[in-house]
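Undergrad: Here's a structure for you.
Nothing in this text is a laboratory measurement; each read-out follows from the coordinates by a stated rule. Just so we're clear, the structure is a prediction, and the values are computed from it rather than from any experiment. When we count neighbours, we look across all protein chains shown, and the Cβ atoms used for this are built from the backbone with ideal geometry, even at glycine.
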Ligand SMILES: *Cc1c(COP(=O)(O)O)cnc(C)c1O
């Protein structure tokens, strides 16, 4: 994959592009341009990463066309319930899928049931809700503006439409307000309480959440999509043992293929398996499941622990440099791989900075901040993460330098806005 200077020490992508060009120069051309962009840019999108050639090769393997609706086990008969497959020839993908599940239990030191079939994080959440909730049931979550995900009850998502969604607040500094979680849980008696986020830079108190959920007899679900790699590396507290249900993606800090997974307490296994198939999905993507299995093996290696440690160290240095430069960071710092720069007081928006950084070869994304005043299309923040560039070998000093490059972009934007005002 790409190193820190944008060199690719593998021919994997180039070979693939050459193969595609034999059929379509046009498609190969699009991929070539994206490949060059990725190689040459500083990638700060907190939800992205680079996976290994081994993961890519598994995802591009002959498993791609194998149908295997159902779950590992004997072919389905009238009496086998939801165990088993609806197709023949599944012997080897059965072994693969079971191996994949075992490896993930090993990664997270858990005996929870695992389902590796969800096609994405959103699909995993869809199935998780469907397993334990009826439409109209009450859920308590964190909203998008404060760092939650679309699938955590946003009005434009199925979750906001099908469930009675209530949000707990963050305090004035952007930290999850646990008193508010407790108060709302007591008031609303939700069926499910959800913790986990897409843009939250602090450790979440899983023990406290679990205690509150227990006190109101609610399911406690953790969506660890962003932090799963840090949990696997042992640099973030684990939700296992606390949560009844844990969903994740495999392509963020875990560095695997694009996909989702669900873990749940053993007694919920049947409900969860049927909520994935046949309720939400048809045939599983066995090639992606192979990629997930390779990803799990990578996550079990000592190098992955070192990687997770470096991601967190890099993020702390990156945030520290912004603070030194006088920026405001939501919650004042970070415990994980991500943080939000608050631009509420700036004459330009998060979108303006995203566009200007793009031009400067730095990829990041606009993001809402708590108490957002601008529209979601403009926003008053940008989100940055250290997972992808750490994969490429960046260390603390590199991130401090990137902070200065972004500061230069900001200075230009401020000057442009001043000039517009004077004009
Ligand atoms: C990224 C993310 C998801 C969804 O993942 P997709 O694979 O994009 O559907 C779900 N929950 C959280 C918290 C996320 O950050």
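Undergrad: Taking the inverse of the average 1/r across all pairs of different Cα atoms in region 33-132, what Kirkwood radius in Å do you get?
TA: Working: mean 1/r = 0.0603 Å⁻¹.
With all distinct Cα pairs of region 33-132 included, I get 16.6 Å.
Undergrad: So what's the convex hull volume per residue for the Cα atoms of region 295-351, in Å³?
TA: Numbers: hull volume 5.4 nm³, N = 57.
About 94 Å³ per residue, rounded to a whole number.
Undergrad: Volume per residue, Å³, of the convex hull around the alpha-carbon atoms of region 45-196?
TA: Numbers: hull volume 27.3 nm³, N = 152.
Each residue corresponds to 180 Å³ of Cα convex hull volume.
Undergrad: Most exposed first by the Cβ proxy, i.e. fewest other Cβ within 10 Å, how do 198, 154, 380 rank? All intermediate terms of the calculation are to be shown ahead of the outcome.
TA: Working: 198 22, 154 18, 380 25.
So the residues, fewest neighbours to most, are 154, 198, 380.
Undergrad: Okay, next question. Write down the percent of antiparallel bridges among all DSSP beta bridges whose residues are both part of the chain, to the nearest 5. Numbers along the way, then the final one.
TA: Details: 21 of 38 bridges.
Approximately 55 percent, going by the DSSP bridge assignments.
Undergrad: Based on alpha-carbon atoms only, what is the radius of gyration of the chain relative to the globular estimate 2.2 N^0.38 Å?
TA: Numbers: Rg = 22.1 Å, N = 423, 2.2 N^0.38 = 21.9 Å.
Here the answer is 1.01, to two decimals.
Undergrad: How high is the relative contact order of the chain, given as a whole-number percent (alpha carbon pairs under 8 Å, six or more residues apart)? Working shown, then result.
TA: Values: 843 pairs, mean separation 88.8, N = 423.
For the chain, the relative contact order is 21 percent.
Undergrad: Can you give me the pair-distance distribution of region 217-301, C-alpha pairs, 10 Å bins, whole percents?
TA: In whole percents, the pair-distance histogram is 16, 45, 34, 4.
Undergrad: Using only the alpha-carbon atoms, what does region 118-191 span along each of its principal axes? Please give whole angstrom values in decreasing order.
TA: In descending order, the Cα extents are 36, 23, 19 Å.
Undergrad: Please compute one quarter of the surface area of the Cα convex hull for region 358-423 and express it in square nanometres. All intermediate terms of the calculation are to be shown ahead of the outcome.
TA: Values: hull surface 23.4 nm².
Result: 5.9 nm².
Undergrad: Kindly rank 51-57, 138-144, 408-414, 25-31 from highest to lowest mean number of other beta carbons found within 10 Å of each residue. Walk me through the numbers on the way to the answer.
TA: Numbers: 51-57: 18.0, 138-144: 24.0, 408-414: 15.0, 25-31: 12.7.
Top to bottom by mean Cβ count within 10 Å: 138-144, 51-57, 408-414, 25-31.
Undergrad: Above 15 angstrom, tally the Cα pairs of region 1-65 and express them as a % of all pairs, no decimals.
TA: Values: 1233 of 2080 pairs.
When every Cα pair of region 1-65 is considered, 59 percent fall beyond 15 Å.
Undergrad: Something else now. Over the Cα atoms of region 303-423, each weighted equally, I'd like the Debye log10 I(q)/I(0) at q = 0.12, 0.21 Å⁻¹, rounded to two decimals.
TA: Computed log10 I(q)/I(0) values: -0.43, -1.20.
Undergrad: Still on this structure, I have one more. Over the Cα atoms of region 330-378, compute the convex hull volume and normalise it per residue, giving Å³. List each step's numbers first, then the result.
TA: Values: hull volume 4.3 nm³, N = 49.
It is 89 Å³ per residue.
Undergrad: Going by a ≥ b ≥ c, the root eigenvalues of the Cα gyration tensor, does region 186-345 fall in the rounded group (a/c under 1.5), the prolate group (a/b larger than b/c) or the oblate group? Kindly include the intermediate steps, with their values, before the conclusion.
TA: Details: a/c = 2.10, a/b = 1.28, b/c = 1.64.
Verdict is oblate for region 186-345.
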